[in-house]
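What follows is a short report on a single structure.
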Amino acid sequence: MMPLLNVERLSKDFGTHQVLKSIDLTVAAGDVTCIVGPSGSGKSTLLRCLNYLEVPTSGAVYLEGEPVGLRFKGDKLYRMSFNELSVQRQKMGMVFQGFHLFPHKTALENIIEAPMIVKRKGRAQATEEAHALLDKVGLADRADYYPRQLSGGQQQRVAIARSLAMQPTLMLFDEPTSALDPELVGEVLAVMRQLAEEGMTMVVVTHEMSFARDVADHLVFMDGGIIVEAGHPKDVLSNPQHSRTRSFLARVL
Amino acid sequence: MADIPIKSPARQPDIHSIKPVDVFHPSWWIGGALVLGLAVLFIRLLVTNENLQWSVVWQYLFSPEILAGLGRTLMLTFLSMILGLIIGTVIAVMRLSRNPVFQATSWAWIWFFRGVPPLVQLVFWYNLGLLIPEVSIAIPFGPTLWSASTNSLITPLSAALLGLAFTESAYAAEMIRAGIQAINLGQTEAAATLGMTQAQTLRRIVLPQALRIIVPPIGNDTISMLKFTSLVSVLALPDLLYSAQMIYSRTYQTIPLLIVATIWYLVLSTILTLAEHYIEHRLKDGPPLELQLILKSLFKSKFWGLRRGEAML
Ligand SMILES: Nc1ncnc2c1ncn2[C@@H]1O[C@H](COP(=O)(O)OP(=O)(O)OP(=O)(O)O)[C@@H](O)[C@H]1O
Ligand SMILES: [Mg+2]
């Protein structure tokens, strides 16, 4: 069966600094992949290359067999325009460390914005779906609150609902709980666990090792721009093969 | 620590039973009395000085000639602001584009029109005919489609509009650019991951947020513009000030007519300040404002501040 997401020899340079060095990765539909690793190892950069927020220096990302951001015409390869890319991006939701809710819109308006503007859904239908999503993330009573009136955990749950409203086939999470007070982490992880149980395909950069152990089907350890070790989380966490993995785990576990 | 013997106050009253005397600042009272005295003298001058001729002020305050000038001042203010904002938006977008030709052009535009005083520009545009006697629209190296002499196009009004609007456009461009740049990159990235196009992101996400930042200095600029329109009197354009000047050159009632103009400028700038406060408040989605609160905040307003908020950018 074709994997949902396939990353082939992906490299990314910032000037002379090579941040990603020929990364290979596959993600099967319905799987949860957790990416862990020390700060600066290139986890965010990898995630941002998947939806072309960063343009890879070389290599390719395939979503459902189609290259992301690139298009063949005859035997020539062309870069996609921003507007072509935006069609592909609809399939990849992304949740950021800093939430990035639209501050001038209420929770409900944040969620219905893209379905109405991009998918051209009617307001009534978009609103109905948004209420269902708010209910799902446990914020049914916060529909008319502005982001600044919500706690960090609540903002992040609205951000998840906002992404889900576009009905993506894949969800990307970049350290979704790192900006939260410790007592608010649990409510966001609970929503993510529920999503995983419902069969959503997820790629999650995280420092929450217990989440990775319990929820991930696949754990990827990155260091220095390469995937040092990958496998089932139980194996990687309890029986790491590499010294770099061992020393990282010794620090975070 | 060694025991410090507590001095028991011998024959002092109970600290809880009497009120302390407030700190006394003689300078407050002396300074206040001095300024108050000067204010009284000034008001007495306004009331008793016969040269002020309040009856003449009253006679001309609502005269058709003055009201027509007032109308032209308002028209000039708003037309130059609208034109300036349109050009300013284009310049701001050019400034933010990645095309180096656009960047350089917009930089030069802002540099020039912020550097040349509006008065110099007004005179210059009015005399444009001396530099370029004729303007024409033609196919390059082909036939001329339309032509006219510059002097027939440059009227006092169009020269005034060009000078005031171009100056405004340079300031507006910088405000709009700063407003757009103040929006966190995360906002555009979030919009991109939702599948929004660049135009949708600009229209739905960036501009609405930038507007909250841009509107207050634009309100401020509108008030400045109201005062700057008085420069057009050098082009003999009968705005509020020039209308007053025309009257006193006939009647020699210089001071009363200048007071008429002053009163109207104060009325208009006060109204604009109140409007600006109201809009600013609405943009912060605050509760409905009470008139009393607006009036109170008037004295804290930018009305008294630096011109054009350059120091704030
Ligand atoms: N836009 C950029 N320009 C230049 N260098 C960058 C840029 N973005 C990231 N880098 C560099 O790339 C490297 C990897 O960054 P990245 O953000 O992917 O790390 P990370 O693994 O996500 O770290 P963290 O756990 O701190 O988030 C870092 O050395 C960083 O300085
Ligand atoms: Mg990161």
Selected residue (only one of A:47, A:53 is under 23 Å from residue A:201 (Cβ atoms), within 14 Å of another protein chain (Cβ to nearest Cβ), open to solvent by less than 70 Å² (accessible area, probe 1.4 Å) and in a loop (DSSP other than H, G, I, E, B)): A:53
Verdict on residue A:229 being among the acidic types (Asp, Glu), within 15 Å of ligand 2 (Cβ to nearest atom) and in contact with a strand residue (DSSP E or B) (Cβ under 9 Å, 6 or more places away or on another chain): no
Residue match in region A:66-75 (condition: within 14 Å of another protein chain (Cβ to nearest Cβ) and either within 16 Å of ligand 1 (Cβ to nearest atom) or not charged (D, E, K, R) (or both)): yes
Conditions (1) of a type outside the set (Lys, Arg); (2) under 17 Å from the mean Cα position of the chain (by Cα); (3) within 16 Å of ligand 1 (Cβ to nearest atom); (4) in a strand (DSSP E or B): number failed by residue A:62: (3)
Subset of region A:163-191 that is in contact with a helix residue (DSSP H, G or I) (Cβ under 8 Å, 6 or more places away or on another chain) and among the β-branched types (Val, Ile, Thr) - its residue that is farthest from the other protein chains (Cβ to nearest Cβ): A:185
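Looking at region B:136-179, which of its residues are of a type in the set (Gly, Ala, Ser) and modelled with pLDDT of 85 or more?
Across region B:136-179, the qualifying residues are B:158, B:159, B:160, B:163, B:165, B:169, B:170, B:172, B:173, B:178, B:179.
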Matching residues, region A:113-129, being in a helix (DSSP H, G or I), over 18 Å from residue A:95 (Cβ atoms) and within 11 Å of chain B (Cβ to nearest Cβ): A:116, A:117
Only one of A:115, A:103, A:147 that is open to solvent by 40 Å² or more (accessible area, probe 1.4 Å), within 26 Å of residue B:202 (Cβ to Cβ) and either of a type outside the set (S, T, N, Q) or within 16 Å of ligand 2 (Cβ to nearest atom) (or both): A:103
Residues satisfying the stated conditions in region A:13-41, i.e. open to solvent by 10 Å² or more (accessible area, probe 1.4 Å), within 14 Å of ligand 1 (Cβ to nearest atom) and among the small types (Gly, Ala, Ser): A:15, A:39, A:40
Residue list for region A:142-162, restricted to those being of a type in the set (A, V, I, L, M), part of a loop (DSSP other than H, G, I, E, B) and within 12 Å of another protein chain (Cβ to nearest Cβ): none
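The values are calculated or read from the model by the stated rules, or taken from the named source; none is laboratory data. Note that this is a predicted model, so its numbers are computed, not measured. No Cβ is skipped: glycine too gets one built from the backbone with ideal geometry, and neighbour counts run over all protein chains shown. Just so you know, the surface numbers come from the protein's heavy atoms only, side chains and all, with ligands and any DNA or RNA stripped out. Shrake-Rupley method; radii C 1.70, N 1.55, O 1.52, S 1.80 Å.
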